[in-house]
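The values are calculated or read from the model by the stated rules, or taken from the named source; none is laboratory data. The structure displayed is predicted, hence computed values, not measured ones. Cβ atoms come from the backbone with ideal geometry, glycine included; neighbour counts cover every protein chain shown.
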C-alpha cells in the first residue's frame, strides 16, 4: 500500500484525518507544542484502518500500524487535560480529532484520548498534515469498539 499523505485545510478535511488516526497511539514524549513556530507536532503509531478493511488483502496482513507524522500550523495556544508532561512514557490512545469554529477561520482543534485526556489547540485556521514515515509492522490486534 502507498504511504498516506493528507493535508487538512478545513473542518471537513480534519474529519478525514481523524478517521485515519482513530486508535493511533502516541507517547507523551512524542508530542510537542513549538510556541515560537506556532506549531504542534506529533509522531504517532496509527492503526491502518484502510488496510484492515480491504478484502483484497490477506487476513494475516490486514492489521498493521504505521509510524506517522502529524503537524498543525498556526497554533496560538495549547492546553492539556488529564495529561502530565512529566510522564513522558505514558501512552495515549487517540479517539478522535474535532474542530470547534471560532471567529472564522479560527477555532479550537481538540484531540480526545481514552481515559478522559485531551489536548486543545487554539488555531488561527485549520492547517494540518498527516504523513506516513515509512515504518510499518503487524499489530498485535485490531482495535475493538463496543456496541456491535
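If the condition is being in contact (Cβ under 8 Å) with a residue 60 or more places away in the chain, out of contact with any helix residue (DSSP H, G or I) (no Cβ under 9 Å at 6 or more places or on another chain), surrounded by fewer than 20 Cβ atoms within 10 Å (Cβ to Cβ) and assigned to a strand (DSSP E or B), then segment 35-65 contributes no residue at all. Inspect all residues belonging to segment 3-11 and state whether any of them is surrounded by fewer than 18 Cβ atoms within 10 Å (Cβ to Cβ), modelled with pLDDT under 95 and more than 15 Å from the chain's Cα centre (by Cα). The answer is yes; a qualifying residue exists.
Of all residues in segment 66-76, those that are over 30 Å from residue 138 (Cβ atoms) and surrounded by 16 or more Cβ atoms within 10 Å (Cβ to Cβ) total 3. So for segment 91-113 (the condition being at pLDDT 95 or above and out of contact with any strand residue (DSSP E or B) (no Cβ under 7 Å at 6 or more places or on another chain)), does at least one residue qualify? Scanning segment 91-113, I find no residue that is at pLDDT 95 or above and out of contact with any strand residue (DSSP E or B) (no Cβ under 7 Å at 6 or more places or on another chain), so the answer is no. Kindly check whether there is at least one residue in segment 128-135 that is closer than 18 Å to residue 35 by Cα and in contact with a helix residue (DSSP H, G or I) (Cβ under 7 Å, 6 or more places away or on another chain). Yes, because at least one residue in segment 128-135 is closer than 18 Å to residue 35 by Cα and in contact with a helix residue (DSSP H, G or I) (Cβ under 7 Å, 6 or more places away or on another chain). In summary, residue 68 fulfils each of the numbered conditions (1) out of contact with any strand residue (DSSP E or B) (no Cβ under 9 Å at 6 or more places or on another chain); (2) modelled with pLDDT of 95 or more; (3) closer than 22 Å to residue 2 by Cβ with the single exception of condition (1).
Restricting attention to segment 16-34, the residues being part of a helix (DSSP H, G or I), touching a residue at least 40 places away in the same chain (Cβ under 8 Å) and over 17 Å from residue 139 (Cα atoms) number 4.
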